[in-house]
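Since the structure comes first, as structure tokens, the remarks are kept for the end.
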Amino acid sequence: MITGELKSKVDRIWDTMWSGGISNPLSVIEQLTYLLFIKRLDELQTLKERKAVRTGAPIEAAVFAADQDALRWSRFKELAPEPMFELVRDHVFPFIKTLGHNDDDPSGNGSTYTHHMKDAIFMMPAPRVLANVVDQLDAIDMADKDTKGDLYEYMLGKIATAGQNGQFRTPRHIIKLMVDMTAPTPKDLICDPACGTAGFLIAASEYLVSHHSDAIYKDASARLRFNAGTFHGYDFDNTMLRIGSMNMLLHGVENPDIRYKDSLAQTDDNDAERYSLILANPPFAGSLDHESTAKDLQQIVKTKKTELLFVALFMRLLQIGGRAAVIVPDGVLFGSSKAHKALRKIMVEDQKLEAIVSMPSGVFKPYAGVSTAIMFFTKTNSGGTGQVWFYDMQADGYSLDDKRTPQPDKSDLPDILSRWQNREGEAARKRTDRSFLVPKADIAGNDYDLSINRYKEVVYEAVEHDPPKVILERMAQLEVEIAKGRIQLEGLLG
């Protein structure tokens, strides 16, 4: 979570750009992202140089060639405003737009990053604004990748239109929980059909590097698969695509498949049954036009509601045996419409529904106060649901108000992961506990309602009351005492 000091620095930079004439919040984010990226490139080059000095070997995969030294952040930040502005506009910015080009690529398309950057525009309005922003950004240490995530998260939170299309950012600790619970492997093809800034894909890449680095880096073929074949993301916001692809590149994934696509629209893409793991927090709000929605999704569930269509999309995209961890609004779990019930029945009867983790409504504040849950399922097309694991999350390590103050002693996340990884011990738990198993027959008997409150049993403390006769006698005694007191008071006044 972003600290108060870092937040105030970002606010000051934001105000500088706003007063300088960049009034569109998305444009502010884009320009700041480019500058942060340029700064990070210089830090990466410095690390490579230090390693080369230490080992005595040449610099590996240098970011800047010898004749491009002037383009580095640490060099141009010392310039006067006017020369700095001209250098960044005419040389540094065109340079970052060429990163990722592959001379061996006959198509000339280069990397995903290059594809999304080709339309990027340098919008800094004046030399003084650029110099001021560079000075302020220079005070932020970008060596820690968590800092980058915090900055993106906070900047995106400042967009006045956050949530306009049901979009809002997923807290990184919730993303990490979902990734840890699904435990990606090097063989997985991972997809987020509403990827935004690629938070889920980045967390999955970090998990693979942390747990399977030997496998993903063992040879050239494995490295190519990791960098170009493992991660797939769609979005229909070009700004998000640019930020997401840059974010992936900074986290060490050189050429992910991040592309423009309206995931719910009718297209000719043959993505059906392609992926083995889906991690997503799709847009909740809104309805779509029947005509523009993919017909095969309408065959699964006939509805205009985006939250239901996305769940149908996940089932279409997954391979047989593929698994998904996705965030859904509570309405998906207990909605009473025909489409809601039909979709839940498919999940329980035709696929293998494994778990529902109910989250408190404050998890997505300050973006939204909607109650949500994480749904885990495996695509089988032949059933397999035996018992569904429910967990009632009460706290996620932060206050559940708009401030989202860190409360590390109040977090159910370690307990959720521990219980999930030891599910054989869950069978003995009662429904009064934080987690429990519910047989498929019970769910079917409740019209496929998947809300945890339908199955959770609340223990009420027995309160013992005196018999009515004793209470009446006590009241009569009180009335006598009140009457005596009144008579005494009248005597004192008389």
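The values are calculated or read from the model by the stated rules, or taken from the named source; none is laboratory data. None of the values given here were measured: they were computed from a predicted structure. All Cβ positions, glycine included, derive from the backbone under ideal geometry; neighbour counts span all protein chains shown.
Data table
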{"read-out": "Residues of the range 207-235 that turn out to be part of a helix (DSSP H, G or I) and touching a helix residue (DSSP H, G or I) at 6+ places or on another chain (Cβ under 8 Å), as a count", "value": "9"}
{"read-out": "Some residue of the range 236-259 being more than 14 Å from Leu317 (Cα to Cα), part of a strand (DSSP E or B), in the same structural domain as Ala312 (by TED's automatic domain parsing) and without any contact (Cβ under 8 Å) to a residue 60 or more places away in the chain", "value": "no"}
{"read-out": "Unique match (being among the aliphatic types (A, V, I, L, M), farther than 21 Å from Pro184 by Cβ and crowded, with 20+ Cβ neighbours inside 10 Å) among Val357, Val363", "value": "Val363"}
{"read-out": "Pick from the range 298-335, criterion touching a strand residue (DSSP E or B) at 6+ places or on another chain (Cβ under 9 Å) and among the polar types (S, T, N, Q), ranking: surrounded by the fewest Cβ atoms within 10 Å (Cβ to Cβ)", "value": "Gln319"}
{"read-out": "Unmet criterion (only one of (1) assigned to a helix (DSSP H, G or I); (2) at pLDDT below 90; (3) within 26 Å of Pro360 (Cα to Cα)) for Ala285", "value": "(1)"}
{"read-out": "Among the residues listed as Lys410, Lys403, the single one being of a type in the set (D, E, K, R), outside any strand (DSSP E or B) and either in contact (Cβ under 8 Å) with a residue 24 or more places away in the chain or out of contact with any helix residue (DSSP H, G or I) (no Cβ under 8 Å at 6 or more places or on another chain) (or both)", "value": "Lys403"}
{"read-out": "Test: residue in the range 381-391 that is surrounded by fewer than 17 Cβ atoms within 10 Å (Cβ to Cβ) and in contact with a Gly (Cβ under 6 Å, 6 or more places away or on another chain)", "value": "no"}
{"read-out": "Ala342, sole failed condition from (1) touching a Pro at 6+ places or on another chain (Cβ under 8 Å); (2) aliphatic (A, V, I, L, M); (3) in a helix (DSSP H, G or I)", "value": "(1)"}
{"read-out": "Considering residues of the range 43-80 that are touching a Leu at 6+ places or on another chain (Cβ under 8 Å) and either crowded, with 16+ Cβ neighbours inside 10 Å or among the basic types (Lys, Arg) (or both) only, the residue nearest to Glu254 (Cα to Cα)", "value": "Val63"}
{"read-out": "Filter result for Ser382 (polar (S, T, N, Q), assigned by TED's automatic domain parsing to the domain that holds Lys341 and in a helix (DSSP H, G or I))", "value": "no"}
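Residue by residue, here is whether (1) modelled with pLDDT of 90 or more; (2) touching a Phe, Trp or Tyr at 6+ places or on another chain (Cβ under 7 Å); (3) hydroxyl-bearing (Ser, Thr, Tyr) holds:
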position	(1), (2), (3)
Lys148	no, no, no
Leu151	no, no, no
Gly163	no, yes, no
Ile174	yes, no, no
Ser221	yes, no, yes
